[in-house]
Amino acid sequence: MAMLAFVLTVTGLQAMAQTIKLPGKVMDEKGDPVPGASVRFADQRGGVITTDDGTFTINSPLKGELIISALGFTEKKVDITGLTTLTVSLVKANKELDEVVVTAYGIKRAKNTLPYAAQTISGDEANKVRVTNISAGLSGKVSGLQIIQNNEIGGSVNVVIRGAKSLTGNNQALFVIDGVPFDNTTITSNTNPAASGPSTQNSGQGGYDFGNAASDINPDDIETITVLKGAAASALYGSRAANGVIMITTKKGRSGTNITLNSGLTLGRMDKTTFVKLQNQYGAGRSDYFPNPTGTNTGFVYVANIFGSGSPGFTTNTTAPRSWGPAFNKNLLIYQWDAFDPSSPTYEKATPWVAGAHGPAYFYQTAISNNNSIMLDGASAKGSYKLGYTRTLDKGDMPNSTVSRNQFLFSGTYKIADRLTASASANYYYDNALGRYSTGYDADRNPNVVFRQYGETNVDYKEQKEAYFRHYQNITWNWTAPTTATGLTADFYNNPYWSAFQNYEDDNRGRFFGNTALNYQATDWLNILARISIDEYNMFEEERSALGSEGGVAGSYYRRTNSSFGEINYDLLATGTHQLTSNLKLNELLGTNIRKDNNSSIYASTNQGLVIPLLYSIANSAATPNAPTELQSAQVVDGYFAGATLTYKDFLSLDGTFRRDISSTLPSNNNAFDYYGVSGSWIFFQHLKDVPWLSSGKLRVNYATVGNSAPPQSTYDQYTVNTNLGSSYLYSLPTTKANNDLVPERTNSEEAGLEIAFLKNRLGLDGSFYHTNSINQIVPTQVSNATGYEYKYVNAGNIENQGVELSLFGTPIQTRNFSWDVNLNWTRNRNKVLSLKNGLNNIVLASFQGSVTLNATVGKPYGILESGTYVYTNGQPTVNATGASAGLYEVATNTNTPIGNVNPNWMGGITNTFRYKAFSLSFLIDVRQGGSVFSLDQYYAQMGGLLPSTVGLNDLGNPKRDSVDQGGGVIYPGVTPDGKKNTIRATVFSSTSTVYPQSKFAYDASYIKLREASLTYHLPEKVLGGAQSWLKGVDLSLLGRNLWLIHKNLPMADPEDNFSAGNVQGYQSGAYPTVRSLGLNLKLKF
Amino acid sequence: MKKIFLFILPMSLLLGACTKDISSYNGNSKAPTTVPAGPLFTYAEYWLNYSLADCSAYDNIFRHIVEYWSQATNEDVAQYNFNLYNVPDNWWQRLYVNVLSNLHASDSILSQDVTDLPATVANERAIIDVLEVYTFNTLVNSFGNVPYSQALNPNILTPVFDDAKTIQADLLTRLTTDISKMTSANASFTSTQDLLYGGNVANWIALANSLKIQIAMTLADVDNTTAQTVMEASNSAAFQSTATDAVWSSFTTIYYDPIYYSLVLDGRTDYLACQTLMDTLIAYNDPRLPTFFGTNTSGQYVGSPIGLQEASTGAFSKPGAIYYTATCPYPFMDYMAMEFYRAEAIERGYNVPGTAEQHYDTAIALSIRYYGGTNAQVQAYLAQPSVAYSTAGGGTWTWRQKIGFQKWLALYGRGMDSYTELRRFDWPTMVPPVGAISGFPYRMTYPATTVSEQVLNPVNYAQAAAAIGGDNVSTKLYWDVN
């Protein structure tokens, strides 16, 4: 890019007085004001700083030179001799190493001198393919950052920087918008107060993922995102910053009036490689014994007098619900589920025994996402403003699922006086959802349980759809006992369309996020900011199960939860700058922060079912409803902090920070904790300026500690008041034992980093090595129930995380019309549980179905899956040699053998951007290498008889499913207890038990994904009519997300899919397939 | 410069105001931090009742082990596949957490009670202890060695497992102490606090004595001296009539019977009469049959083989009509069972009044009448040579077989009690379930899934498993020597 010389405008001449007031303005190349720029004399003391609109006034001696500098811009010297006004245009400093980084409390610093790791990407970069949740847009773009997202509509995104540090607490990064914390609670049915223990939704017991609260952030309003990775960078934010900070800087009002319109439409379809493939040779059935008159067992239910016809007939085993039944044979006519549906054209008719023509994939539909936004901004000498509205409407790939989002924003600044600026910002978000995806083993509402675990392959889902829509009844394939008068009910599973259209949830959340602030430039060197900010939301969620669903009347219900969250922050912040000597500069910071959190919720449900159909109210309860469950908690943290930065000749800098927090949630005698950070950086390039191939170079090291307090109400026991039993009162102890001896948690971290660039900044590297120890963690650890409790709060453990993160950028080709940029991020984190609490060797993080647990075990990485495995002989799985189970695997009785580690070996992302004239093509490949995921879907599918591996021919050329004495069965690889190779043929049949142990179903969770791809056409200015045109820009983009799952090892599912964000990962049950989406986006700037 | 204070002053005032008593923000206005002792006791009683009465395949599978009921859909549990649905974990968790922990908490609140009369508190604490003894005894009879001396202490997160024999000896000692502390003239829990006896101390004394006999007689095959001593000492104070029977009637239309929940509210049709019991009832012309079970859709009494999955549940008998009510009472401890102990004691040569036959007849009669039978039906049943004490089993049965057989029938609906007696008498012999994954289970394995002792308390678990002879269902408890 050509460099522009500064513009010097002389508008008059005046030479009478000794000094005059010289007004001026500092602008960037585009003409936008540069606030905070330093204007000082080259040869004498004194100087000023520009205000928000870039203006300044300085007492001019009418001669000499002014030095104008601003972060991110190349410094300028201006001769002011004879000038009465001054307009200076600064040129943006070149490339990444000279960027401005917004650090804690919104303090801008040159990345050049930053002594800790911080990576910045632009809002446009994060939102390249129009994500609804900005966290998802960070995947693969920042080193050290692990993003895990699931395939549920509006689902939460796990955002973890440099590995999990807390055993059971929050490991999510803190989100901060323009200096103000923005709540990012992962809201799931977990937070449903009716659930006991720490997890139900995220351990696969059913429930919903309502998303992480940071998804409210409006992607269109983001200027930059800076990821502060280590504690040294974030320590000023207090205890919550131990997990790193995602700092978001929103767009600012620019001069003039600017309008940006954005409109996009995206369509998505399930990626079939992440969905089940069912065997299609055998239909419904189990090991059933059916007393046919002939004494033979056909696998069908014999009915002597079917439909009163006087003749016998065979019906499907509708209750199986498994597919170990008779082989398909189109010449065989069987009365199937549809024969019992009076509205069906096949009512009372036997139909060919064949695999369902429309398998479970038929249930999934095209997802549609529509996104429209308008942003308006402007600025003048007195102030600036910004106004925006964004609406997103997502229709999921499951029937009857919609999430809509409305984001309103207004912010403004106004210069009350020369040195006093007022600002305010108000954001309102309104989310509305209907039919979020039910997760986990919730057979009533998550159809994937049937699709993937226990289904009948003869079911045609198109017919199920038609059956439901004929009369909106629960015409299920899973009749309880279809030939009896009372048996036309759903046994375990509803018609999936009934579940989708009758048993849906809905929720809405209104959120306000805003602040008012006064900024006072007290003197040339002192700035004071006072700010009050509020983040507050109310959520209403209701769930229903209609009368007519499985489970009888008591299976119907209505439940509602009203909850609210509120956080208020009071900040007072003074910042100062002193030029101590000509080479030594000191920046100081002093502040206080008071944070007050308030949470409350009330949950109520009907009891024993509903009375009036379709009336969803608590009053419509079959029995007297239980008392509602009410929760209330608060937390107050008073913080005091200070910081100083000493810079020597712009190439050495030393930082120190200190903070003291007093938290209401700790025992009152031990509720204060201090933490501090020291960091330094050295721009060694300063001494190597004559090395031609080197463009920049910096070393940085730091050390910091961050403390953390306890969750609210964990220091004292609270009893539960249960619903009265007649006139008796029932109180009970909590199942989690409180602990009044808790001490604050602490994370100590060290980091060293190198930033270097070569070849005129065409190639650059930013790398860090870090090491953290998180000690005295406050954990509600699961304990032996013989203690009388299920959990107890303890200070436990020391987790170590260490890793390497690398960001590499390069521009292999750059010509006038064509350029190719590469951006690569690579992260390798290793963590290890060094110790737990007295005598404890293991903490169970989650217990799952299938006797699988997720653990933190001393000496091992955080997140070990334990379960059952084979009995090994000489390293080979052992099969039984004799008895009824001869030829089948021996499975170890204990279920605490490690079968997997959920942590990846490394993660990486590579973005390639090609620009040719007005076109730009960009794609991101996102890689995760290693880590484990357990699939309950596959584990149960072997019992469900759904797997293609259980059909076909065996080594003898006979059907595997035939009984062993008829030549069927297979020889399982392994050895007999005497160590000899197994030669015994055994059954593949396993309708109630499993042939393989759990360890077989712990898969490598690696993946390579073409995560994002975009092709954008920037309409050239010439076409628009040049710089004077009312239309300033038109971008047309073709966007794709998750287009191609290039590689994975987990069969029939997306290895990344999870129940929700949080510490519980590495387990799937009823998983949702990946949605591949392709969209079109139009952006207009006026 | 002065203007700075315009900002600093209000902020520091604010800060000052907030730091005064910051801990007070940690409260919860929606949950109590102190409660009276009574409702904790009530809660524990409710859960003990609920756990024993439950028939869920996930929580209480004793009805299937003793082959009263079969399971048409979750036949896995009838095939002894308990871990599939976390049965040992749930049983362990309910007894330790829901029952024992709340009993313990209730007692410790009472121990600091200065407002009630000491005599009342003494009665209440003794009553609590009796139920603690009952519950620990149930745990021992379910698992063998269990945490006892270090149990119920949240400061010991990995409690040791105590020797089963030592525990049961201590339980007997505790009951002796409890009985000595109870005085029927003084008050105890109120009628709404005590779901079992409404605070009637005399009844609790009778129950404590009966429980002593129950525990001691369980040990008779390995510790005849204790059994005899306890039986002879406590017999006269134990249940003498149905007037003191301990029958839970806690269930209401809100706190419904767990069986009612499964059969009616949950609409489960897969709990069937087991062929083993059904065929016996039919063969012995048992008047209890129509109370125990209903008929199939064709009006016949048909039992389903244990362990078999049945697609056509309509072809089999379902549980009787009494289980289709929300408020079905649960016979917890009663005179009937005591009469069987007396019959057994006489056969063992203990000094107990009456004859074995008298007590045997009385026990059978009590059971038939409990289930709505008439005196005529009692007489007709007892008159059958297959039932009459002298001729039962064709005259070849030992007293163990005769008493064991009739006690198995009489304990219908009380799965855990029946399971213990079945292991003691080794009679009648259970039919191996179709597809059984093991031989007859002589105990439940320790929790291994959701509240896994293997994971949470591994060292003590391993020691206990070794001490009892392996954590397997085939390991017999120390008192199960035959």
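The values are calculated or read from the model by the stated rules, or taken from the named source; none is laboratory data. Everything numeric in this text was worked out from a predicted model, so none of it was measured. Note that each Cβ is placed from the backbone with ideal geometry, even for glycine, and that neighbours are counted across all protein chains shown.
Brief remarks follow.
- Selection count where residues are modelled with pLDDT of 85 or more and crowded, with 22+ Cβ neighbours inside 10 Å, scope the range B:246-257: 1
- Qualifying residue in the range B:198-209 (condition: outside any helix (DSSP H, G or I), within 14 Å of chain A (Cβ to nearest Cβ) and crowded, with 23+ Cβ neighbours inside 10 Å): no
- Within the range A:784-828, considering residues that are within 31 Å of the chain's Cα centre (by Cα) and of a type in the set (D, E, K, R), the one farthest from the other protein chains (Cβ to nearest Cβ): A:Asp821
- Members of the range A:692-712 that are within 30 Å of A:Asp661 (Cβ to Cβ) and either surrounded by 23 or more Cβ atoms within 10 Å (Cβ to Cβ) or among the acidic types (Asp, Glu) (or both): A:Arg700, A:Asn702, A:Ala704, A:Val706, A:Gly707, A:Asn708, A:Ser709, A:Ala710
- Criterion violated by B:Pro154 - all others in (1) away from chain A (no Cβ under 12 Å); (2) modelled with pLDDT under 95; (3) in contact with a Lys or Arg (Cβ under 8 Å, 6 or more places away or on another chain) satisfied: (1)
- Candidates B:Gly314, B:Gly354 - the one that is of a type outside the set (S, T, N, Q) and modelled with pLDDT under 95: B:Gly314
- Single match in A:Asn503, A:Asn495, A:Asn519 (criterion: of a type in the set (S, T, N, Q), more than 11 Å from chain B (Cβ to nearest Cβ) and farther than 24 Å from A:Leu947 by Cα): A:Asn503
- In the range B:451-481, the residues that are β-branched (Val, Ile, Thr) and surrounded by fewer than 23 Cβ atoms within 10 Å (Cβ to Cβ): B:Val459, B:Ile468, B:Val473, B:Thr475, B:Val481
- Some residue of the range B:442-454 being closer than 22 Å to A:Leu865 by Cβ, hydrophobic (A, V, I, L, M, F, W, C) and free of Cβ contacts under 8 Å to residues at least 12 places away in the same chain: no
- Complete set of residues in the range B:28-52 that are farther than 30 Å from B:Met333 by Cα and either of a type in the set (S, T, N, Q) or at pLDDT below 85 (or both): B:Asn28, B:Ser29, B:Thr33, B:Thr34
- Scope the range B:87-103; condition within 8 Å of chain A (Cβ to nearest Cβ) and in contact (Cβ under 8 Å) with a residue 12 or more places away in the chain; matching residues: B:Trp92, B:Gln93, B:Tyr96, B:Asn98, B:Leu100, B:Ser101, B:Asn102
- Condition check for A:Ser664: in contact with a Phe, Trp or Tyr (Cβ under 9 Å, 6 or more places away or on another chain) and farther than 30 Å from A:Thr577 by Cβ: yes
- The single condition among (1) within 14 Å of chain A (Cβ to nearest Cβ); (2) in contact (Cβ under 8 Å) with a residue 12 or more places away in the chain; (3) more than 24 Å from A:Gln782 (Cβ to Cβ) that B:Arg400 does not meet is (1).
- Yes/no for A:Tyr716 being assigned to a strand (DSSP E or B), within 12 Å of chain B (Cβ to nearest Cβ), out of contact with any helix residue (DSSP H, G or I) (no Cβ under 6 Å at 6 or more places or on another chain) and within 30 Å of A:Ala738 (Cα to Cα): no
- The residue of the range B:439-482 that is nearest to B:Ile215 (Cα to Cα), among those that are of a type in the set (D, E, K, R) and at the interface with another protein chain (Cβ under 10 Å from one of its Cβ atoms), is B:Asp471.
- Pairs linking a residue in the range A:790-807 that is in contact (Cβ under 8 Å) with a residue 12 or more places away in the chain to a residue that is in a strand (DSSP E or B) and acidic (Asp, Glu), with Cβ atoms under 6 Å and 6 or more positions apart or on different chains, are A:Ser807/A:Asp766.
- Of all residues in the range A:593-602 being crowded, with 20+ Cβ neighbours inside 10 Å and of a type outside the set (A, V, I, L, M), the one that is nearest to A:Gly656 (Cα to Cα): A:Asn593
Residue by residue, here is whether (1) at positive phi; (2) not in a helix (DSSP H, G or I) holds:
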{"residue": "B:Leu152", "(1), (2)": "yes, yes"}
{"residue": "B:Leu171", "(1), (2)": "no, no"}
{"residue": "B:Ser180", "(1), (2)": "no, no"}
{"residue": "B:Asp194", "(1), (2)": "no, yes"}
{"residue": "B:Gln214", "(1), (2)": "no, no"}
{"residue": "B:Val230", "(1), (2)": "no, no"}
{"residue": "B:Ala243", "(1), (2)": "no, no"}
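- Matching residues, the range B:271-323, being aliphatic (A, V, I, L, M) and either within 14 Å of chain A (Cβ to nearest Cβ) or part of a loop (DSSP other than H, G, I, E, B) (or both): B:Leu272, B:Val302, B:Ile306, B:Leu308, B:Ala311, B:Ala315
- Here A:Leu71 meets each of (1) hydrophobic (A, V, I, L, M, F, W, C); (2) crowded, with 17+ Cβ neighbours inside 10 Å; (3) part of a strand (DSSP E or B) with one exception, condition (3).
- Residue count, the range A:252-293 (criterion: at pLDDT below 85 and small (Gly, Ala, Ser)): 4
- Near pairs, Cβ below 7 angstrom, 6+ apart or cross-chain, from the range B:464-479 (within 18 Å of B:Ala169 (Cα to Cα)) to any residue that is among the hydrophobic types (A, V, I, L, M, F, W, C) and surrounded by fewer than 19 Cβ atoms within 10 Å (Cβ to Cβ): B:Tyr478/B:Val222; B:Trp479/B:Val222
- With respect to the conditions (1) within 24 Å of the chain's Cα centre (by Cα); (2) at pLDDT 95 or above, B:Asp286 falls short on a single one, namely (1).
- Of residues in the range A:317-338 being within 14 Å of chain B (Cβ to nearest Cβ) and of a type in the set (Phe, Trp, Tyr), the one nearest to A:Lys465 (Cα to Cα): A:Trp337
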